[in-house]
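Trainee: I'd like to ask you about the structure that follows.
The values are calculated or read from the model by the stated rules, or taken from the named source; none is laboratory data. Remember, it's a predicted structure, so these values are computed and weren't measured experimentally. Reconstructed Cβ throughout: ideal geometry from the backbone, glycine too, with neighbour counts over all protein chains shown. For the accessible areas, the whole protein counts, side chains as well, though only heavy atoms, and no ligand, DNA or RNA atoms are used. Shrake-Rupley method; radii C 1.70, N 1.55, O 1.52, S 1.80 Å.
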Amino acid sequence: MVVGTPHISLAGSGALLLDGAQGAFNDTTQELVWAVANAALTLEGVCEAVPGMNNLLIVFDPLATDAPSLSEQLKSLWASTDAHAVAGTHHTIPVHYGGARGEDLAGWATHCGLSVDETVRHHAAATYTVAAIGAMPGFPYLSGLDPRLAWARRSTPRLKVTEGAVIIAGAQAGIMPMTAPSGWHIIGHTDVKLFKAEAELPVLLRPGDKIRFAIAGIEA
Amino acid sequence: MIEILTTGLPNTVQDLGRPGHLALGVSHGGAMDRQALAIANLMLGNDPSAAGIEVALHPFRLRAHIDTAVAVTGAECAVSVGDRPCPPWWAMTIRAGETLVLEAPRVGARSYIAFAGGLDLPSVMGSRATDVKGGFGGFAGRGLSRGDRLALNPAQCRLPAGGIGAALEERRGAADGAASAIELRVLPAAEFDAFTPEAQAAFTGSEWSITNDANRMGYRLSGETLSLLSPLELLSHGIVPGTVQVPPSGQPIIQLADANTCGGYPKIATVIEADLWRLAQAPVGARLRFSPVSIEASTAALRANRQQRRDFIAARNLMAGEQRAP
């Protein structure tokens, strides 16, 4: 299935960005992004394929291939690749909502015009899809947030959001794999570890994986 | 073994980085001035990607606890081993008990110290580079502290008495960002056309200076305000070192070795790979100027870069051969 035509641009002399976004995030486009990413890795000179949100960064060796011909190859991959759902793993992430480590919970509920309990139940009722991993090691961009729960990101990012923070921003959800700055809202925390550099498989979540949040506790 | 005597946390163990894991959110990382570290290693007969130390905060001092050899490249600064001053870009022996000292740079910002055999540290995700954000790799996943002791791999490195030096043509007389602006060649990026004609003209037509907010993740610049034709909401997308983003403030940020692997700000241009060393060597306050380049010229610069390394290896092998000859 063809999902539009990606806009392709240079990202320096050794990378191309394929942007398939047409307005808001689209799940079908994302499935195509994953499929094209896998297929692109077999092309001559391609070093890395990095799925973003409805876009794909292809890193290549400019001495092994060149941008114009690679760009043509990627366009035809985009048009011919079958966008099939990746058979991802299902994960359940227990979350302690609110409290000192979920300080935005009450503000979030107020923003949504819901009670704290309702807000949490909507968050835990959805099935999320890992759309992409990026920004920091193991960080999942999750799609599937109930539109009633959307909340634009903070105008000023926090300099430190701790590892395990369960966060949301706009129509996206996420979990912090490590302590880092973030402009997302903190609604709870989990003890599940998403990134272990020394492990054979350092990253727990993969694009296409499905996530459910389980309510381990609510503290208003 | 070596022991760190004087340092600051921005000083880290680096090699040529950890490519191949962007899709896991792991930055390429590695030496900001890759050529400098590679040449330092090659002078000692090491693999160019052996682990050494990136010194971003001077002065830096270490003591050798064994007889070994070191090479110091990168910024132009006063270097001494024991009581012997060393020329820039020099490889020399250091005896057990002697101290290697790097003073504040006269030109440039980052020094590289390579050790015969390289630093003996575990490889994490294919590299010994320190990923400070992720807290892994390098020495305990952090910057170096006073008293840290680092082991060296066994090595056989014969240097002529007095050592050997290297000189890179392109660095000779290169702008230092103070007397004249450092020129960085750029390719237009995805949102270049979304900026106003005035912003496009100002980007390449005016000078920028590096603010205090400059580290291995990226440099914030100050200069004219760059405006978009209309506000843009972008979805998160992968970015590479050299990406010049323009956040709503209109003041650009150049993303570098340890940058987040994904970003969401509009991108006006990308600094070409062959010029990233110029940024690595640009101190806070340095003036920059961006000049558009063709993709062909950008690729040619990269090709010349790799050829230079091959030439260097050939010259080093030739010299090592002469050393061994009776």
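Trainee: In the range A:27-59, what residues are open to solvent by 20 Å² or more (accessible area, probe 1.4 Å), in a loop (DSSP other than H, G, I, E, B) and within 10 Å of chain B (Cβ to nearest Cβ)?
Mentor: Once the filter is applied, which keeps residues that are open to solvent by 20 Å² or more (accessible area, probe 1.4 Å), in a loop (DSSP other than H, G, I, E, B) and within 10 Å of chain B (Cβ to nearest Cβ), the range A:27-59 yields only A:LEU41.
Trainee: Hey, B:LEU279 hits all of (1) open to solvent by 10 Å² or more (accessible area, probe 1.4 Å); (2) assigned by TED's automatic domain parsing to the domain that holds B:PHE195 but one; which does it fall short on?
Mentor: Here B:LEU279 meets the rest and fails (1).
Trainee: Residues that are of a type in the set (A, V, I, L, M), open to solvent by less than 20 Å² (accessible area, probe 1.4 Å) and farther than 17 Å from A:GLY14 by Cβ: does the range B:255-274 have at least one? Steps first, answer last, please.
Mentor: Looking only at the range B:255-274, we keep the residues that are of a type in the set (A, V, I, L, M), and these are B:256-257, B:259, B:268-269, B:271-272, B:274.
Going one step further and asking which of them are open to solvent by less than 20 Å² (accessible area, probe 1.4 Å), we end up with B:256-257, B:259, B:268-269, B:271-272, B:274.
Narrowing further to those that are farther than 17 Å from A:GLY14 by Cβ: B:268.
Among the residues of the range B:255-274, at least one is of a type in the set (A, V, I, L, M), open to solvent by less than 20 Å² (accessible area, probe 1.4 Å) and farther than 17 Å from A:GLY14 by Cβ, which makes the answer yes.
Trainee: I'm checking my understanding of the structure. Among residues of the range B:95-132 that are acidic (Asp, Glu) and not in a loop (DSSP other than H, G, I, E, B), which one is most open to solvent (accessible area, probe 1.4 Å)? Walk me through it before giving the result.
Mentor: Start the filter on the range B:95-132 by keeping residues that are acidic (Asp, Glu), which leaves B:98, B:103, B:120, B:131.
Retained after the next criterion (residues that are not in a loop (DSSP other than H, G, I, E, B)): B:103, B:131.
Working: B:GLU103: 87, B:ASP131: 8 Å².
Here the answer is B:GLU103.
Trainee: What do you reckon, is A:THR129 within 28 Å of A:MET176 (Cβ to Cβ), open to solvent by less than 60 Å² (accessible area, probe 1.4 Å) and outside the structural domain of A:PHE213 (by TED's automatic domain parsing)? Full working, then the answer.
Mentor: On the way: within 28 Å of A:MET176 (Cβ to Cβ): yes; open to solvent by less than 60 Å² (accessible area, probe 1.4 Å): yes; outside the structural domain of A:PHE213 (by TED's automatic domain parsing): no.
It is false that A:THR129 is within 28 Å of A:MET176 (Cβ to Cβ), open to solvent by less than 60 Å² (accessible area, probe 1.4 Å) and outside the structural domain of A:PHE213 (by TED's automatic domain parsing).
Trainee: So, of the residues in the range B:197-226 that are within 29 Å of A:GLY170 (Cβ to Cβ) and in contact with a Gly (Cβ under 6 Å, 6 or more places away or on another chain), which turns out to be most open to solvent (accessible area, probe 1.4 Å)?
Mentor: Filtering first and then ranking leaves B:THR225.
Trainee: In the range A:189-211, how many residues are surrounded by 15 or more Cβ atoms within 10 Å (Cβ to Cβ) and more than 14 Å from chain B (Cβ to nearest Cβ)?
Mentor: Of all residues in the range A:189-211, those surrounded by 15 or more Cβ atoms within 10 Å (Cβ to Cβ) come to A:189-190, A:192, A:194-197, A:202-211.
Retained after the next criterion (residues that are more than 14 Å from chain B (Cβ to nearest Cβ)): A:189-190, A:192, A:210-211.
Number satisfying all stated conditions: 5.
Trainee: Does at least one position in the range A:82-105 carry a residue that is touching a residue at least 40 places away in the same chain (Cβ under 8 Å) and within 12 Å of another protein chain (Cβ to nearest Cβ)?
Mentor: no
Trainee: A further question on this structure: Conditions first: (1) open to solvent by 10 Å² or more (accessible area, probe 1.4 Å); (2) closer than 25 Å to B:SER27 by Cβ; (3) touching a Leu at 6+ places or on another chain (Cβ under 8 Å); (4) not in a loop (DSSP other than H, G, I, E, B). B:ASN305 passes all but one, so which condition is the exception?
Mentor: (3)
Trainee: Identify, by number, the condition in (1) free of Cβ contacts under 8 Å to residues at least 40 places away in the same chain; (2) more than 8 Å from chain A (Cβ to nearest Cβ); (3) under 23 Å from B:GLY173 (Cα atoms) that B:ASP275 doesn't meet.
Mentor: Just one mismatch for B:ASP275, condition (1).
Trainee: Part of a strand (DSSP E or B), of a type in the set (A, V, I, L, M), free of Cβ contacts under 8 Å to residues at least 40 places away in the same chain and closer than 27 Å to A:GLY20 by Cα, is that true of B:ILE268? First the steps, then the outcome.
Mentor: Numbers: part of a strand (DSSP E or B): yes; of a type in the set (A, V, I, L, M): yes; free of Cβ contacts under 8 Å to residues at least 40 places away in the same chain: no; closer than 27 Å to A:GLY20 by Cα: yes.
No, not satisfied.
Trainee: Now for a separate question. Taking the range B:18-42, which residues are touching a Lys or Arg at 6+ places or on another chain (Cβ under 7 Å), more than 14 Å from chain A (Cβ to nearest Cβ), crowded, with 24+ Cβ neighbours inside 10 Å and of a type in the set (A, V, I, L, M, F, W, C)?
Mentor: B:MET32, B:ALA38
Trainee: Sticking with this structure for a sec: For the range B:133-142, enumerate the residues that are in a loop (DSSP other than H, G, I, E, B) and either away from chain A (no Cβ under 11 Å) or under 8 Å from B:VAL13 (Cα atoms) (or both).
Mentor: Correct list: B:GLY138, B:ALA140.
Trainee: While we're on this one: Answer yes or no as to whether A:PRO6 is modelled with pLDDT under 95, closer than 27 Å to B:LEU232 by Cα and open to solvent by less than 20 Å² (accessible area, probe 1.4 Å).
Mentor: yes
Trainee: Does A:ALA64 count as modelled with pLDDT under 95, within 14 Å of chain B (Cβ to nearest Cβ) and farther than 26 Å from A:LYS193 by Cβ?
Mentor: Numbers: modelled with pLDDT under 95: no; within 14 Å of chain B (Cβ to nearest Cβ): yes; farther than 26 Å from A:LYS193 by Cβ: yes.
Spelling it out, it is not the case that A:ALA64 is modelled with pLDDT under 95, within 14 Å of chain B (Cβ to nearest Cβ) and farther than 26 Å from A:LYS193 by Cβ.
Trainee: Okay, moving on. Name every residue in the range A:156-179 that is open to solvent by 50 Å² or more (accessible area, probe 1.4 Å) and more than 18 Å from A:ALA109 (Cα to Cα), in order of residue number. Walk me through how you get there before you give the answer.
Mentor: So in the range A:156-179, the residues open to solvent by 50 Å² or more (accessible area, probe 1.4 Å) come out as A:156-157, A:159-160, A:162-163, A:171, A:179.
A:THR156, A:PRO157, A:LEU159, A:LYS160, A:THR162, A:GLU163, A:THR179 - these are the residues of the range A:156-179 that are open to solvent by 50 Å² or more (accessible area, probe 1.4 Å) and more than 18 Å from A:ALA109 (Cα to Cα).
Trainee: Could you grab the pairs with beta carbons closer than 8 Å, sequence gap of 6+ or different chains, first residue in the range B:234-263 and at positive phi and at the interface with chain A (Cβ under 8 Å from one of its Cβ atoms), second one open to solvent by 10 Å² or more (accessible area, probe 1.4 Å) and of a type in the set (Gly, Ala, Ser)?
Mentor: Every condition considered, no pair remains.
Trainee: Please tell me if B:THR73 is open to solvent by 60 Å² or more (accessible area, probe 1.4 Å) and either assigned by TED's automatic domain parsing to the domain that holds B:ALA214 or part of a strand (DSSP E or B) (or both).
Mentor: Numbers: open to solvent by 60 Å² or more (accessible area, probe 1.4 Å): no; either assigned by TED's automatic domain parsing to the domain that holds B:ALA214 or part of a strand (DSSP E or B) (or both): yes.
No.
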